[in-house]
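To start, the structure itself, in structure tokens.
The values are calculated or read from the model by the stated rules, or taken from the named source; none is laboratory data. Predicted model only: the values in this text are computed from it and were never measured. Cβ placement follows ideal geometry from the backbone for every residue including glycine, while neighbour counts extend to all protein chains displayed.
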Amino acid sequence: MSLETGPTSNSTPVGSVDCSNADMILAVADRLASRSVFSGSDIDIAAKTTHFGRARGDFYWYQSTAYGSFMIVGDVGASGECPEAAMQLLPSAIAQAASDNREPDPLALLSAVASVLYRDLVDHDAVATLCVATWDASETNLVVSNAGHFPLLHASGSGVRQLESSDAPIGTWKRLEGVPEVISLSPGDFLLMGTDGLIEQEDKAGMEFGFPRLAQTLLDDRGLAASDVIDDVFNAISAYGRGVRQLDDRTALVITRPVVG
């Protein structure tokens, strides 16, 4: 299986970001967050990001290697003087860790990123939530490791299940010890890896879109293509918050197992 590939291991090395060149950093963020869709025989993937302003922290990533493919969503929070630098450090470290990995192990990738970036993120007063999923076609399973990330939702014939975090956010500890979660995907099932901007959009009364509305949207979309799920989620949030300013980035990556026939 091959995926739409993000930046390769030739990406800007970790630690080389020039904080004064914010426009360049934001241009890289736009390229990483452009809309793209992958379709294959086993799974379909679609992802999308919408930003609310100049400070951007959400991103998604597809990385294919000789040892497996990784699907990643992240959210960077920084209170220091250069949040854009922290934003670019993470994708660079992910690209290197995925290229160095010798098996499709999401926890190994997360652990490598946490180890490499711990000091950089501390120095930038930053942390990052990060979710990594790998696909095992032989077992029709997704294997997921989650470092402080939400929302992460599995839609199946049994309903919508929220997956809990298995580790603290990147930048909190140098070592990760969580246990990856194995998710069996039946035809029509899907996993949504999102950021909190999906549920925090307010309406004119100041009420958030919230988890129940997101879960209902996903229930209604079971069996649809990944791109249709993405469209429905973003359209539902936009309609709910019509006339109210968007206050956070929104990112979603959906992995579906198509219904055959």
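Structural remarks
- Residue identified as over 24 Å from Val182 (Cα atoms), at pLDDT 75 or above and of a type in the set (S, T, N, Q) among Ser92, Ser20, Ser34: Ser92
- Whichever residue in segment 147-189 is over 17 Å from Asp105 (Cβ atoms) and polar (S, T, N, Q) and, among such residues, is surrounded by the fewest Cβ atoms within 10 Å (Cβ to Cβ): Ser158
- Residues located in segment 205-224, provided they are over 17 Å from Ser238 (Cα atoms) and either among the small types (Gly, Ala, Ser) or in contact with a Leu (Cβ under 7 Å, 6 or more places away or on another chain) (or both): Gly223
- Segment 195-208, residues that are crowded, with 21+ Cβ neighbours inside 10 Å and touching a helix residue (DSSP H, G or I) at 6+ places or on another chain (Cβ under 8 Å): Leu198, Gln201
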